[in-house]
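Step one of this worksheet: look at the structure below.
Derivation of every value follows stated rules applied to the coordinates shown; laboratory data play no part. Keep in mind that this is a model prediction, so the values were computed, not measured. FYI the Cβ positions are ideal-geometry reconstructions off the backbone, even for glycines, and counts take in every protein chain you see.
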Amino acid sequence: MPTSHLLQYFPLVIDTFVYGIYCALFVQSVQVLLSRRRAHYRLHLGGLTALFLLSTIHIVAAYAWAFITDNATTAIYELISLRNPPPDLYGPDDPVVVHHLARLLRARYAIANALADAILIWRCYIIWGNSWRAVAFPCIAYMVNIGGVIVAALPLQGPSRRTAVAVCIGTTFFTNVVASSLAAGRIWWISRRVSYVLSRNSRRTYTNLTAILVESGCIYPISIIIVLVLFIVPSTSTISVLISLAPIYHIVGISPTLIIVRVGLGVSTDDVDKTITSVSRGPNDSERTHARRLPISALRFNHAATVELGLETRRRNDLDENELNDSVGTGLVESCSDTTKV
């Protein structure tokens, strides 16, 4: 087999390798969700399972196409292309089943994108205390993306099809970056607001959770940027672009799965030791100032000098090690409006 012909199969090899990594991550995510069984775990389990099944459909269809025709080794990864003129996906002697596989792979990628973005927006919505205002821009981008997918599915030719594909890529990138940044920013803001009642380890926990959301949530957008840069550079060969494009078909599902695994297992940029119940509503400035200025006096009976802080604190010895990890891993940051007496 000539070297050039062997190189044509390299995108499929990379595709298979990334799918193997995805399989391991998916098994871990299922174990985490089933062992914790927190609120909404069934919804997250269903979404992650659907994404994994879509990736499985992709790898099966890719190998089926590769065995049917020699052109499939590269055509598989040019189904969604910005090239002008568009690449030749089918040979003159290819059977009709190849055309059906092409439609299946396009639909699979569109559905996986829509589902992954929906999970990301939903997690951001929950973290922001069920506020639709917080996710307004990601939702608008999501709807535009759906419209672009519908237009791209139509039998269009030339600039119209390329424009629809470009809109889908751009809105997907925008949705992932903005939703991940909003979720991470919310957790960072909460940690800053209640930092005066948190231990050093607890503050570090918030920082690590923020890093998890940013790192895992930006994997997919960064992959898109790499592909676009290689595509724009004139000296880049087509096979190099396809090699960089092959993992994206699975990264779209790996990104939300990786957040579940990293948060559930307590793995981040710095190992998380302790967690606390997150708060989405802290005291205002006047209450905080009054609490800090409250004099410490000897114990007295029947003395009703209390300050309402509007948040719930717990003893460090009673900290629940898994509660916050599960809340962010399943997209939950619960609002606590209980009060404590100082």
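Table for the structure above
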| item | result |
| --- | --- |
| Cβ-based exposure ranking for Trp189, Trp128, Trp65, in which fewest neighbours within 10 Å come first | Trp189, Trp128, Trp65 |
| Residue-wise HN-Hα coupling along segment 7-12, computed from phi with Karplus coefficients 6.51, -1.76, 1.60 (Hz; x: Gly, Pro) | 5, 4, 7, 4, x, 5 |
| For Thr236, distant residues with modelled amide H under 5 Å away | none |
| Sequence ranges 243-252, 22-31, ranked by mean other-Cβ count within 10 angstrom, highest first | 243-252, 22-31 |
| Stretch gain in nm, segment Leu34-Thr16, where the contour uses 0.36 nm per residue and the Cα spacing is subtracted | 3.8 nm |
| Cα-only Debye scattering, segment 95-161: base-10 log of I(q)/I(0) at q = 0.18, 0.20, 0.21, 0.22 Å⁻¹ | -0.76, -0.85, -0.89, -0.94 |
| Loop-resident sites, segment 22-63, for trypsin sites (Lys or Arg not before Pro), counting at most 11 other Cβ within 10 Å (DSSP) | Arg37 |
